[in-house]
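J.: Please see the structure below; I have some questions.
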Amino acid sequence: MAKAAKTTKPETLAEEKAEAPKVQRVTKQQIMIDMLSRPEGATIEELVEATGWLSHTCRGAMSGALKKKLGLTITSEKVDQRGRVYRLT
């Protein structure tokens, strides 16, 4: 009987991590940034649907994490059909 070829195992955890493909993690904060970066911007309702957060959490994330911590500039305007629309400038 022929022996099956042995596969080499990484000897250390560092080697194992080096061999693993890098997967970019999409966070809810990144989802908000992407939506606010669109030319049409995003409403609170759209952000709530995309993130699964409550409306006060989305507003808090915009004012705290995005504006204060990341230093992004967020503008808002009232659009007749959509209501208040937020955008990154």
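J.: Restricting the range 57-88 to residues that are among the hydroxyl-bearing types (Ser, Thr, Tyr), in a strand (DSSP E or B) and surrounded by 13 or more Cβ atoms within 10 Å (Cβ to Cβ), which is nearest to the chain's Cα centre (by Cα)?
T.: Within the range 57-88, the match that is nearest to the chain's Cα centre (by Cα) is TYR86.
J.: Can you name the residue in the range 20-40 that is among the polar types (S, T, N, Q) and without any contact (Cβ under 8 Å) to a residue 24 or more places away in the chain and, of all such residues, is farthest from ARG59 (Cα to Cα)?
T.: GLN24
Residue-wise test of (1) part of a helix (DSSP H, G or I); (2) surrounded by fewer than 11 Cβ atoms within 10 Å (Cβ to Cβ); (3) modelled with pLDDT of 95 or more.
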position: VAL23; (1), (2), (3): no, yes, no
position: VAL26; (1), (2), (3): no, yes, no
position: GLN29; (1), (2), (3): yes, no, yes
position: MET35; (1), (2), (3): yes, no, yes
position: GLU46; (1), (2), (3): yes, no, yes
position: TRP53; (1), (2), (3): no, no, yes
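The values are calculated or read from the model by the stated rules, or taken from the named source; none is laboratory data. Note that this is a predicted model, so its numbers are computed, not measured. Quick reminder, even Gly has a Cβ in these numbers, built from the backbone with ideal geometry, and neighbours come from all protein chains shown.
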